[in-house]
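As structure tokens, the structure follows; a few thoughts come after it.
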Amino acid sequence: MITGKVDDYGRRLVSITVYHSVTGATLTLVGWIDTGFTATLLLPSGHIATLGLEPSSTVQGTVADGSRVFFDTYQCRIDWFGMRREIEAIAGAGEFALIGLGVTGHPLVPKLCSG
């Protein structure tokens, strides 16, 4: 089970740890589970710099307004439900990392608790 919270904007936020695949540098950050995001993980550029990740490839994707853009990808590892997974994250802007369907495998159904 992963514990998180729903913020005032209805975003499902969870803590996720990201690892540099080579150096092992780690960063625990807040990620937004975004069921409209079909890739794996979008990391804000500041998180990429903190981890010292180097670009590994470039992919083209469609963003919310329908336009097609290119994203740099970065090889990293994450912990997800007790399993360490090797993934390709993409770089983006924003306050939170976006956790997409490529990580979750399917939309997550939150169990809401008060407190």
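How many residues does the stretch 30-46 contain that are surrounded by 18 or more Cβ atoms within 10 Å (Cβ to Cβ) and more than 13 Å from Thr73 (Cα to Cα)? Within the stretch 30-46, residues that are surrounded by 18 or more Cβ atoms within 10 Å (Cβ to Cβ) and more than 13 Å from Thr73 (Cα to Cα) number 5. It is to be established whether one or more residues within the stretch 6-24 are within 15 Å of Phe96 (Cβ to Cβ), among the β-branched types (Val, Ile, Thr), without any contact (Cβ under 8 Å) to a residue 40 or more places away in the chain and surrounded by fewer than 18 Cβ atoms within 10 Å (Cβ to Cβ). So far as the stretch 6-24 goes, no, none of its residues is within 15 Å of Phe96 (Cβ to Cβ), among the β-branched types (Val, Ile, Thr), without any contact (Cβ under 8 Å) to a residue 40 or more places away in the chain and surrounded by fewer than 18 Cβ atoms within 10 Å (Cβ to Cβ). Of all the listed residues (Ala64, Ala49, Ala89, Ala97), the sole one being at pLDDT 90 or above and out of contact with any strand residue (DSSP E or B) (no Cβ under 7 Å at 6 or more places or on another chain) is Ala49.
The values are calculated or read from the model by the stated rules, or taken from the named source; none is laboratory data. Remember, it's a predicted structure, so these values are computed and weren't measured experimentally. No Cβ is skipped: glycine too gets one built from the backbone with ideal geometry, and neighbour counts run over all protein chains shown.
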